[in-house]
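This report refers to the structure that appears directly beneath it.
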Number of protein chains: 2
Amino acid sequence: MKVKDIGEFALIERIAEIVEHADERVILTIGDDTAVVRPTESGYSLLTTDLLVENVHFTLDTINSWQLGYKSIAVNISDIAAMGGLPNYAVISLAMDPETDVDQIEDLYRGMEDASIKYGLRIVGGDVTKSEKLIINVALLGEVEEENLCRRSDAMVGDVIMVTGELGASAAGLRLILNPEIALKVKEAGALKRAHFLPEPRVEPGRILASLGINAMEDISDGLVSEVKHICEASSVGARLFLNKIPVAKGVDKVATLTGERAIDIAISGGEDYELVFTAPKELNGLVEKAMTAIGTRVAAIGEIVDISNGIKVIDWSGEERPLEVSGYTHF
Amino acid sequence: MKVKDIGEFALIERIAEIVEHADERVILTIGDDTAVVRPTESGYSLLTTDLLVENVHFTLDTINSWQLGYKSIAVNISDIAAMGGLPNYAVISLAMDPETDVDQIEDLYRGMEDASIKYGLRIVGGDVTKSEKLIINVALLGEVEEENLCRRSDAMVGDVIMVTGELGASAAGLRLILNPEIALKVKEAGALKRAHFLPEPRVEPGRILASLGINAMEDISDGLVSEVKHICEASSVGARLFLNKIPVAKGVDKVATLTGERAIDIAISGGEDYELVFTAPKELNGLVEKAMTAIGTRVAAIGEIVDISNGIKVIDWSGEERPLEVSGYTHF
C-alpha cells in the first residue's frame, strides 16, 4: 500500500498511533494547529533542528527505515546532551514520494519512537508533505538548569580536554557500508556498522558532567578535531591534543589497514561518533573519571586547553608537535 | 558569489548577522549545539513545524526570495495565532544547491527576519545543508495562557461560526500568478498577488478572541470548508454555513469571471487566506464584533454549530441546503 492510496489524513492517523504515548506534560499532540506542552518550570529551554535529505545525508540502499528514524532522533538528542540538557519534545517534518510504501513510513516512525522512548523524548507533532526525495526534519525542545548549561565558549586555559567512549567506530562502519568488499569478521563488522546506523547520544553522561561543573562541551558530529577547533574558536583559547591518549574504537585499526589509512586519522576526523568532548578544570579530573566509571562510560583525558597564542597543536607519538589540520565534515 | 564559494561557516555567519536582534530572553543564539532561551513563565508552550520544498510548495519563477522567507515565517506564526498564542522563537533548517547565490539566501533570511520582527518572533538557530532543490523547514515555539488555549475540538452546539477578514484573495492571486494572461487592473491584481505572497497571520485578533472566551479556532490554510470540517470532526458536531454571509475579498469576483469559476467557490475552498475561523457562544457575538472593529479587523458570522446528526450543510442563496463537499488542499 502506497502513501498516495491512503492520503494525508490517514497517514497522520497511522503516525499518531505509533508515536503517541501518555505524558501528563503533553496537553495536545498530533491533530491541531500546534502541539501544546507544559513548559519546563525552571532553567532554560533548548531548541535545535536538523534536516536530513535522501542521497545527501543518507541513502535507503544502505540504511533501513527503522534505523533511519532511530538515527534522526538520536543525533538531535545528542545536541541537547552536549549542552548538559534533557530532551523533552520533538516535532517531525516528513516529505516523501506519494509512491512510498506506507510500511516504510511506519517503520521510520517506529525507529523515531523507539529512540524517543529510550531517551525520555516525546514526539508531539509534525508535518507531512510530498517531495521526490525523502526529507526528514527533526526539531527538538529540551531543557537545562541555568547552572548546568555547557557552552562551546566556556573552555578555560588550563582545562583538561576529555572525551567519552571511543572514537572512529562510526566512520569505520561507514567505510564497511560503502565498500562491502572489505573483509572483516561478521561480529566486528556488525559492531562498527551499528555504531554508524544507531548512535547512542550521551544524555546521562552529559547530565552528570554538567552537574560536576565541567566547562565547554560538544558532541562529536563532525569529527573530534573539528569540534575541538569549534571550542577553541568560541572560547578564544588554544589546545594541545595528544594522539597517544585518544581512545580508538575496536576494529578501526583493521578497517584502516584494509583501506590504507591510519586508524588515528579515522578516529579524530571521522565524525558521527556522538560521543562528548569537553573541557574540565584539572582538579575535576579524578571526580569525572569516578563518575563516568560509575555509569560504565569510558572517559579519557586527551589534551589541554592553552593560551590562544599557542594555536591548536597535535602531539604525535614521537612527541613531535604540529599544527592541527582540520578535516571535519562541512556541507558545501 | 555562490554558497559553495564561501562555505558553510561563512554562510552561517552571514545569516547570524541578518537574524540576530537583542532580547533578554535569548541566552544563546546561532553558533552552539542548540539555541538556549528562557522558557515562558506561565501557561503552555506551543510547538509547530512546517516543511516547504521547491517545486512542490513554491517555485522561484513566481515568488522572490524575500517574499518566500516572509511567507514561510508568516504561515507558521498563523498556526500559533490559531491557538490564541504568541510566537516566541524559531529555528530554521535550510537546504540549498551549493551553486545558489549567497545574495538569494540572504534575501530569504531578510524576509524571515522582517516577518519575525513584525510579530515579535526571534530566530534563534537552525541548520544549513545542501540539496538539489531549496528546502525550508521552520519550527516555532510559542506560548499561550492555559485559559486562552483554543483547541480545534472546543466547538459547542449552538456556537456561531465566525471568520476574520475576507476570503479568496490568496487563491485568486495564485490564479493571476499562474495565468499571467488574465487581464486585471494593475492595482487590483497587485493586492491579490500580495495576499498570496505575503499573508499576514492574525496574531492580535487571535489573542483578543481567545481572551474573550471563544471556543474552537483554526487558521485558514487549506480553505474555509476544510477547516470547518476539521473543527466539526474534532468536536463531534455538525455545522451550517450560509454562503450569503461569507465575506469574499475584493477582486475575487473579477478573477472568477475570467477563469470561469464562482467567486464563492474560490473564497470557501481556495485556502492560504490565513484568516481565523472560530466558533463562539451566541452571547459573545456582539462583544467579538466590537473588539474586532476596535482593532480594524473585519469579522463576519457565517454559520452555526449544530448537532452531529445534522452533518455539515451549506445553505445557498436560494435557501437550499446541501451537504458540504470538501475540496481543501491535501498533500498526496
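Miscellaneous remarks
- Restricting attention to the stretch A:94-124, the residues being more than 15 Å from residue A:19 (Cβ to Cβ) and either within 8 Å of another protein chain (Cβ to nearest Cβ) or without any contact (Cβ under 8 Å) to a residue 40 or more places away in the chain (or both) number 3.
- Considering residues of the stretch B:7-21 that are under 16 Å from residue B:94 (Cα atoms) and touching a residue at least 60 places away in the same chain (Cβ under 8 Å) only, the residue farthest from the other protein chains (Cβ to nearest Cβ): B:18
- Taken as a whole, the structure places residue B:61 among residues that are out of contact with any Lys or Arg (no Cβ under 9 Å at 6 or more places or on another chain), under 26 Å from residue B:199 (Cβ atoms) and outside any strand (DSSP E or B).
- Qualifying residue in the stretch B:229-241 (condition: outside the structural domain of residue B:81 (by TED's automatic domain parsing), under 19 Å from the mean Cα position of the chain (by Cα) and more than 25 Å from residue B:87 (Cα to Cα)): yes
- So residue A:272, is it farther than 30 Å from residue A:179 by Cβ and out of contact with any Leu (no Cβ under 6 Å at 6 or more places or on another chain): no
- Members of the stretch A:288-320 found to be surrounded by 11 or more Cβ atoms within 10 Å (Cβ to Cβ) and without any contact (Cβ under 8 Å) to a residue 24 or more places away in the chain, listed by number: A:289, A:290, A:293
- Looking at the stretch B:76-151, the strands (runs of 3 or more DSSP E) lying wholly inside it that each contain 3 or more residues that are modelled with pLDDT of 95 or more sit at B:86-96, B:135-144.
- Scanning the stretch A:270-279 turns up no residue that is modelled with pLDDT under 95, under 30 Å from residue B:98 (Cα atoms) and more than 21 Å from the chain's Cα centre (by Cα).
- Selection within the stretch B:204-214 - crowded, with 24+ Cβ neighbours inside 10 Å and assigned to a loop (DSSP other than H, G, I, E, B): B:214
- The combined condition, being over 26 Å from the mean Cα position of the chain (by Cα), surrounded by 12 or more Cβ atoms within 10 Å (Cβ to Cβ) and either β-branched (Val, Ile, Thr) or at pLDDT 90 or above (or both), is not fulfilled by residue A:285.
- Residues of the stretch A:265-316 satisfying the condition of being assigned to a helix (DSSP H, G or I), in contact with a strand residue (DSSP E or B) (Cβ under 9 Å, 6 or more places away or on another chain) and of a type in the set (D, E, K, R): A:282, A:289
- Residue B:155 in contact with a strand residue (DSSP E or B) (Cβ under 8 Å, 6 or more places away or on another chain), at pLDDT 95 or above and at the interface with chain A (Cβ under 7 Å from one of its Cβ atoms): no
- Residue match in the stretch B:219-240 (condition: assigned to a helix (DSSP H, G or I) and more than 24 Å from residue B:314 (Cβ to Cβ)): no
- Screening the stretch A:125-141 for residues that are within 7 Å of chain B (Cβ to nearest Cβ) and within 15 Å of residue A:49 (Cα to Cα) and picking the one that is surrounded by the most Cβ atoms within 10 Å (Cβ to Cβ) gives A:139.
- Candidate set from the stretch B:22-42 (those that are out of contact with any strand residue (DSSP E or B) (no Cβ under 7 Å at 6 or more places or on another chain) and farther than 21 Å from residue B:150 by Cα); member that is farthest from the other protein chains (Cβ to nearest Cβ): B:22
- Subset of the stretch A:1-31 that is surrounded by 16 or more Cβ atoms within 10 Å (Cβ to Cβ) and of a type in the set (Asp, Glu) - its residue that is farthest from residue A:103 (Cα to Cα): A:20
- Top-ranked residue of the stretch A:233-282 - restricted to ones that are small (Gly, Ala, Ser) and more than 20 Å from residue A:218 (Cα to Cα), ranked as surrounded by the fewest Cβ atoms within 10 Å (Cβ to Cβ): A:260
- Odd one out for residue B:178, checked against (1) at pLDDT below 95; (2) over 18 Å from residue B:62 (Cβ atoms): (2)
- Residue check for residue B:36: of a type in the set (Val, Ile, Thr), modelled with pLDDT of 85 or more and part of a strand (DSSP E or B): yes
- Taking (1) in a helix (DSSP H, G or I); (2) at pLDDT 95 or above; (3) closer than 20 Å to residue B:271 by Cβ in turn, residue B:161 satisfies each apart from (1).
- Test: residue in the stretch B:28-46 that is β-branched (Val, Ile, Thr), touching a Lys or Arg at 6+ places or on another chain (Cβ under 7 Å) and within 30 Å of residue B:195 (Cα to Cα): no
- Those residues of the stretch B:158-191 which are without any contact (Cβ under 8 Å) to a residue 60 or more places away in the chain and surrounded by 14 or more Cβ atoms within 10 Å (Cβ to Cβ), in sequence order: B:173, B:190
- Hits in the stretch B:65-93 (condition: of a type in the set (Val, Ile, Thr) and at the interface with chain A (Cβ under 9 Å from one of its Cβ atoms)): B:80, B:91, B:92
- Pick from the stretch B:132-157, criterion in contact (Cβ under 8 Å) with a residue 12 or more places away in the chain and of a type in the set (D, E, K, R), ranking: farthest from residue A:125 (Cα to Cα): B:132
- All positions within the stretch A:87-133 that are under 17 Å from residue B:135 (Cβ atoms) and in contact with a Leu (Cβ under 7 Å, 6 or more places away or on another chain): A:91, A:93, A:95, A:96, A:126, A:127, A:128, A:129
- Residue selected from the stretch A:43-64 under the condition on the phi < 0 side of the Ramachandran plot, out of contact with any helix residue (DSSP H, G or I) (no Cβ under 8 Å at 6 or more places or on another chain) and more than 8 Å from chain B (Cβ to nearest Cβ), by the criterion surrounded by the most Cβ atoms within 10 Å (Cβ to Cβ): A:54
The values are calculated or read from the model by the stated rules, or taken from the named source; none is laboratory data. All values derive from a computational prediction rather than experimental measurement. When we count neighbours, we look across all protein chains shown, and the Cβ atoms used for this are built from the backbone with ideal geometry, even at glycine.
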